[in-house]
Amino acid sequence: MNFFSEPLITGATVLLTDSRFVSQPQQSIFFAIKGERHDGHNFIEELYEKGVREFVVEKKAAKPDLNERFPEAKFWLVENGIRALQNLAANHRKKFNIPVIGITGSNGKTIVKEWLSALLAKDYTIIKSPRSYNSQIGVGLSVWQMNDSHTLGIFEAGISKSGEMENLEPIISPTIGIFTNIGSAHDEGFRSRKQKVTEKLRLFRRTKTLIYCKDYEEIDEEIKLLLKAVNPEIELIGWSKSQESPINVTFTKAATYTTLAINWNAEEYEFRIPFTDDASIENATHCVFAKLLLTPKGQDLSITEEALMALKPIAMRLELKQGINDCYLIDDTYNNDYAGLNMALNFMSQHHTKNNKVLIISDLLQSGLKEVDLYRSIAELIKGKQIDQMVGIGEDISRNSRFFDVEAVFFKSTEDFLEAYPINQLHDSLILVKGARKFAFEKIVDKLIQKVHGTVFEINLDALTHNLNFYRGKVGSDTKIMVMVKAYAYGSGSAEVASLLEYHRVNYLGVAYPDEGVTLRQNGIKLPIMVLNSQPETFSKLVEYDLEPEIYSFQIFRRFLDFIRSFPDSTFKIHIKLDTGMHRLGFEEQDIDKLIEQLAQNPAIKVASIFSHLVGADESEHNDFSKSQIERFKRMSDKIIQALPKGQAPLRHICNSAGIIRFPEAKFDMVRLGIGLYGVEATGIEQKSLQTVGTLKTIISQIKHLKKGETIGYSRKGVLEKDSRIATIAIGYADGFDRGFSKGVGEVLVNGVRCPVIGNVCMDMTMVDVTEARCEEGDEVIIFGKDLPIHELAASIGTIPYEILTGVSERVKRVFYKE
């Protein structure tokens with residue numbers, strides 16, 4: 001019998017609610033939640049096939065044949081899947097006695113969370129909500145990530161109707177609270193604004209300290225009437241712009257910054273923040289009070305101001321972007337309520353780069369006001385913000401067009417707008433796009449945003465994380481991971497990738513040369529770093545930057561020993577390379593006795609690891625040889641370890657990315673993850689399990705209509721066999737687009753159509769035949785990515801994906817992003 005009832009007790013480390021994101025099936029428990037759009041119970045079979053063996057199912061939706069269909073699975077029968085997840089997360093939270101900041105309010109939750117994390121990062125190891133995980137499911141998933149290494153938690157809580165905060169409070173259980181503000185968002189889910197404030201305050205019923213702005217009278221009144229009655233011991237930090245308030249803040253705006261003068265607890269503080277809009281000032285003020293509350297006594301507060309001045313806008317909210325026709329765009333398509341509109345317009349007013357101000361706005365949903373009153377208020381607000389042109393989208397705003405005393409046009413839907421409005425006639429304007437999510441204003445933003453010019457290499461950090469977790473799932477939690485970030489992290493950008501890997505707590509990094517390790521250290525990377533190729537002239541860098549050399553020969557070992565004699569009181573970690581069949585670098589089996597003798601004579605040397613390299617793990621035809629390498633490595637390393645002094649327990653590793661897949665029995669203490677991290681599975685066995693990390697893209701610079709018989713490019717190597725459209729794209733062999741792709745060997749992707757290279761690849765440009773593609777000058781061209789896999793490019797010129805990736809020139813701009 002494999003059915004169990006609550007309380008839910010699981011050894012799983014991963015809580016799954018979305019079947020698309022499974023990466024560690026053996027360590028996962030899936031919560032099958034029956035929602036409005038999807039029923040998680042429909043994905044049990046798919047997840048079972050992927051290796052998931054623990055499921056939470058709802059009694060009303062569980063099918064009677066689960067036992068029979070999935071004999072190895074364990075099922076928890078619950079009344080409600082979301083409640084079960086929340087209860088599990090709440091019990092997990094009880095294990096930790098650390099300060100936790102809980103944030104709620106109508107706007108600014110994510111910004112405050114992210115800014116606080118930046119301000120407190122030097123003093124605490126922080127666990128925080130990812131992005132805007134503040135929902136009934138997201139809060140539980142966020143808190144579940146808390147572990148013993150964390151010394152501070154920062155979590156958001158968002159609610160849309162009465163009763164929801166009751167479920168979130170025990171999960172977050174905040175010791176410090178921040179109530180950012182109150183506005184009209186989700187008013188429809190409550191009887192009144194007062195009730196919404198009351199519901200949000202339930203998050204703080206056991207909180208020790210609450211930070212809020214007293215100038216929101218609805219918040220201040222409910223705190224005094226209700227929260228103090230429930231939580232009489234709570235310390236209230238209610239700041240105000242009023243000089244009569246016990247805790248008052250004065251804001252003095254300059255051109256590019258604002259000075260905050262704070263009077264609190266008979267102390268006066270003054271800080272500068274790099275913002276002048278009201279929304280950012282309010283959010284930053286909340287952060288300043290939290291920072292002061294949590295700053296260790298005696299710490300120099302100038303550090304706080306430095307951190308404050310380093311704060312940046314959060315892109316998911318208000319962000320200024322370059323648009324078409326010399327326009328600038330403020331993309332605020334996240335939500336749309338009156339207070340948010342006011343703040344966005346205030347933000348807009350801070351940017352004087354364009355004389356013509358354009359507002360594109362949707363219906364305001366769930367405002368709680370009568371329609372006539374709402375749009376009359378909006379019209380008055382807009383009139384006071386000197387908007388020159390307005391576009392209203394939605395049936396409600398169109399119905400109330402009479403209130404808007406500004407040059408305006410109205411459309412019933414986003415589709416109507418896109419079809420009829422002359423977007424390309426917008427020139428030299430500052431455009432605010434403000435819409436509720438249901439209106440899909442991202443379609444408008446896509447038309448207004450300036451297309452990328454030039455060649456860029458985009459790195460999807462979410463995909464990279466997915467791939468890391470996939471390999472972690474393969475080797476298990478007891479096996480350490482070294483990630484190779486040599487060759488500019490396979491072309492992806494070493495410091496940026498290394499920073500992400502450090503955040504995800506890999507155990508080691510590997511580089512080819514000391515200079516690569518130095519760059520990582522200079523960028524703040526603290527992980528242990530193994531250097532594959534060190535020469536005597538670089539030994540000083542190894543010591544200065546705490547880098548650990550590979551020792552592969554007696555000569556290099558002797559030279560290193562000579563060097564470290566200048567440091568008689570220090571010990572030095574090394575990594576011993578064994579040659580088990582590669583015959584490139586490393587000690588051979590007949591060298592082991594002599595190596596053991598030299599190690600014994602030099603107690604300053606500590607063997608951090610012993611490793612070797614599989615020659616042909618990516619190809620099954622070499623399986624027997626690979627197995628012989630593994631056996632030889634075990635034999636040689638066993639002999640060394642047995643001879644080492646007690647207390648030395650070097651890590652052993654031989655598996656590369658391909659070896660992890662083909663020879664899981666040889667994972668030893670650690671594996672070396674290389675190209676697999678970047679989405680290339682060399683064996684081909686698990687390629688579908690990985691996600692594409694890098695996309696190399698460029699643009700069409702010019703299109704020519706040429707006749708049959710004309711020639712293209714240097715040496716006239718491209719001869720047209722028919723009338724054709726030929727596009728010149730902004731990439732050449734100096735950027736990493738190999739000359740081997742010339743004369744039809746290579747293809748690029750233009751608006752979904754594969755287009756062949758015509759003639760020879762030039763240094764900075766390439767010509768391609770776009771006769772079959774619908775395109776125009778300025779359009780995007782994919783060189784490789786998800787829909788044009790890098791392994792196909794490599795195969796077409798008889799090379800390997802490693803060479804394509806590492807060949808992307810450093811002059812090509814890298815863009816790192818998260819979905």
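Read the figures in this text as sums done on the coordinates, not as results from a lab. Quick caveat, the model's predicted, so the values are computed rather than measured. Note that we place each Cβ from the backbone using ideal geometry, even for glycine, and neighbour counts take in every protein chain shown.
Could you list which residues have their amide H under 5 Å from that of residue 74, counting only those 5 or more apart in sequence or on another chain, with H placed in the peptide plane?
Under 5 Å from the amide H of residue 74: 54, 55.
Return the FRET efficiency for the residue pair residue 734, residue 297: r is the Cβ-Cβ distance, R0 is 56 Å, and the value is rounded to the nearest 0.05. Please report the intermediate quantities before stating the final value.
Values: r = 57 Å, r/R0 = 1.01.
So the FRET efficiency works out to roughly 0.50.
Relative contact order, percent, of the chain when contacts are C-alpha pairs under 8 Å separated by at least 6 residues?
Worked out over the chain, it gives 8 percent.
Using +1 at the C-beta of Lys and Arg and -1 at the C-beta of Asp and Glu, which of 116, 455, 445 has the Cα lying farthest in the positive direction of the dipole of the chain?
Working it through, the farthest residue towards the positive pole turns out to be 116.
Please compute the length gained on full extension between residue 306 and residue 243, using 0.36 nm multiplied by the number of residues separating them and subtracting their Cα-Cα distance. Intermediate values should be presented prior to the final figure.
Details: separation 63, 0.36 × 63 = 22.68 nm, distance 2.67 nm.
Full-extension gain reported as 20.0 nm.
What ranking, highest mean first, results for peptides 152-161, 715-724 when packing means the other Cβ atoms within 10 Å averaged over each residue? Before the final figure, lay out each step's value.
Numbers: 152-161: 23.1, 715-724: 13.7.
Ranking, from highest mean packing down: 152-161, 715-724.
Amide H of residue 408 versus every other amide H placed in the peptide plane: which residues, excluding those fewer than 5 positions away on the same chain, fall under 5 Å?
Sorted by chain and number, the residues that satisfy this are 390.
If you stretched the chain out fully between residue 226 and residue 505, how much longer would it get, using 0.36 nm times the residue separation minus the C-alpha to C-alpha distance? Walk me through the numbers before you get to the answer.
Working: separation 279, 0.36 × 279 = 100.44 nm, distance 4.35 nm.
Stretched fully, the residue 226-residue 505 segment lengthens by 96.1 nm.
Of 196/241; 253/813; 312/688; 50/786, which sit over 27 Å apart, Cα to Cα? Don't skip to the answer; put the middle values down first.
Details: 196/241 24 Å; 253/813 36 Å; 312/688 37 Å; 50/786 22 Å.
Correct reply: 253/813; 312/688.
Using Cα pairs closer than 8 Å and at least 6 residues apart in sequence, work out the relative contact order for the range 90-243, in percent. Can you show the working numbers first?
Numbers: 287 pairs, mean separation 38.7, N = 154.
Taking the mean separation of contacting Cα pairs over the length of the range 90-243, I get 25 percent.
Please state the shape class of the range 402-444: rounded when a/c is under 1.5, otherwise prolate if a/b exceeds b/c and oblate if not, all from the C-alpha gyration tensor.
Working: a/c = 1.37, a/b = 1.10, b/c = 1.25.
Judged from the Cα gyration tensor, the range 402-444 comes out rounded (a/c under 1.5).
Is the range 90-309 best put as rounded, prolate or oblate by its Cα gyration tensor, with a ≥ b ≥ c the root eigenvalues, rounded for a/c under 1.5, and otherwise prolate when a/b is larger than b/c, oblate when not?
Details: a/c = 1.59, a/b = 1.19, b/c = 1.34.
Judged from the Cα gyration tensor, the range 90-309 comes out oblate (a/c at least 1.5, b/c at or above a/b).
Could you work out how far the C-alpha centroid of the range 369-408 sits from that of the range 415-434, in angstrom?
17
How far apart, in nm, are two points set 7 Å out from the Cα along the Cα-to-Cβ line at residue 259 and at residue 620?
For residue 259 paired with residue 620, the spin-label model returns 7.4 nm.
What fraction of the Cα pairs in the range 689-752, stated in percent, has a spacing above 17 angstrom?
On the way: 1055 of 2016 pairs.
Tail of the P(r) past 17 Å holds 52 percent of the pairs.
Per-residue HN-Hα couplings for the range 805-810, Karplus 6.51 cos²θ - 1.76 cosθ + 1.60 at θ = phi - 60°, whole Hz, x for Gly and Pro?
With coefficients 6.51, -1.76 and 1.60, one gets 5, 6, x, 5, 4, 5 Hz.
Relative to the Cα centre, what is the charge dipole magnitude of the range 694-817, using +1 at the beta carbon of each Lys and Arg, -1 at the beta carbon of each Asp and Glu, and rounding to the nearest 20 debye?
Numbers: 16 positive and 17 negative charges, 45 e Å.
Magnitude of the dipole: close to 220 debye.
Loop only per DSSP, at most 12 neighbouring Cβ atoms within 10 Å: give me the GluC sites (Glu not before Pro) in the range 528-585, ordered by residue number. Before the final figure, lay out the partial values.
Details: sites: 537, 544, 550; in loops: none.
Here no GluC sites (Glu not before Pro) fit, given the DSSP loop and packing criteria.
Given R₀ = 25 Å, what would the calculated FRET efficiency be for residue 634 paired with residue 601, taking r from the Cβ atoms and rounding to 0.05?
Values: r = 26 Å, r/R0 = 1.02.
Here the calculated transfer efficiency is 0.45.
Could you tell me what % of all Cα pairs in the chain have separations over 55 Å? Before the final figure, lay out each step's value.
Numbers: 63434 of 334971 pairs.
Counting every Cα pair in the chain, those more than 55 Å apart make up 19 percent.
Past 28 Å, Cα to Cα: identify those pairs from 443/486; 228/385; 74/200; 573/594; 113/224, in the order given. If you can, show how the numbers build up before the last one.
Details: 443/486 39 Å; 228/385 39 Å; 74/200 37 Å; 573/594 19 Å; 113/224 25 Å.
Check vs 28 Å cut-off fails for 443/486; 228/385; 74/200.
Quick one: Cα convex hull volume of the range 78-127, Å³ per residue?
Numbers: hull volume 5.0 nm³, N = 50.
Per residue, the Cα convex hull of the range 78-127 comes to 100 Å³.
Rank these for me by crowding, 755, 775, going from fewest to most other beta carbons within 10 Å.
Numbers: 755 23, 775 19.
In order of increasing Cβ crowding within 10 Å: 775, 755.
May I ask you to evaluate 6.51 cos²θ - 1.76 cosθ + 1.60, the Karplus curve with θ = phi - 60°, for each residue of the range 615-632 and list the ³J(HN,Hα) values in order in whole Hz, giving x for glycine and proline?
6, x, 5, 7, 10, 5, 5, 9, 4, 4, 5, 4, 5, 5, 4, 4, 5, 5
Can you give me the long-range amide H partners of residue 736? Hydrogens built in the peptide plane at 1.01 Å from N, cutoff under 5 Å, separation of 5 or more residues or another chain.
Under 5 Å from the amide H of residue 736: 809.
Taking the number of other C-beta atoms within 10 Å as the exposure measure, put 269, 503 in order starting with the fewest. Don't skip to the answer; put the middle values down first.
Numbers: 269 17, 503 10.
Ascending number of Cβ neighbours within 10 Å: 503, 269.
Exposure proxy check: 644, 203, 66, 578 ranked by fewest other beta carbons within 10 Å? Intermediate values should be presented prior to the final figure.
Numbers: 644 16, 203 25, 66 20, 578 28.
Placing the least packed residue first, the sequence is 644, 66, 203, 578.
For the ranges 103-110, 58-65, 633-640, what's the packing order if you count other beta-carbon atoms within 10 Å of each residue, average per peptide, and put the highest first? Display every interim value, and only then the final one.
Details: 103-110: 25.5, 58-65: 12.1, 633-640: 18.1.
Averaged packing, sorted descending, gives the order 103-110, 633-640, 58-65.
For the chain, what is the percent of antiparallel DSSP beta bridges, rounded to the nearest 5?
Details: 46 of 131 bridges.
Around 35 percent of the beta bridges assigned by DSSP in the chain are antiparallel ones.
Would you mind classifying the range 3-79 by shape? Square roots of the alpha carbon gyration tensor eigenvalues, ordered a ≥ b ≥ c; an a/c under 1.5 is rounded, otherwise it is prolate if a/b is larger than b/c and oblate if not. List each step's numbers first, then the result.
Values: a/c = 1.24, a/b = 1.10, b/c = 1.13.
Taking the square roots of the gyration eigenvalues as a ≥ b ≥ c, the range 3-79 is rounded.
Efficiency by 1/(1 + (r/R0)^6): what FRET value for residue 192 and residue 381, r their Cβ-Cβ distance, R0 = 25 Å, to the nearest 0.05? Walk me through the numbers before you get to the answer.
Working: r = 22 Å, r/R0 = 0.89.
Approximately 0.65, to the nearest 0.05.
Can you give the charge dipole size of the chain about its Cα centre, rounded to the nearest 20 debye, using +1 on the beta carbon of Lys and Arg and -1 on the beta carbon of Asp and Glu?
Values: 99 positive and 109 negative charges, 181 e Å.
Roughly 860 debye for the chain.
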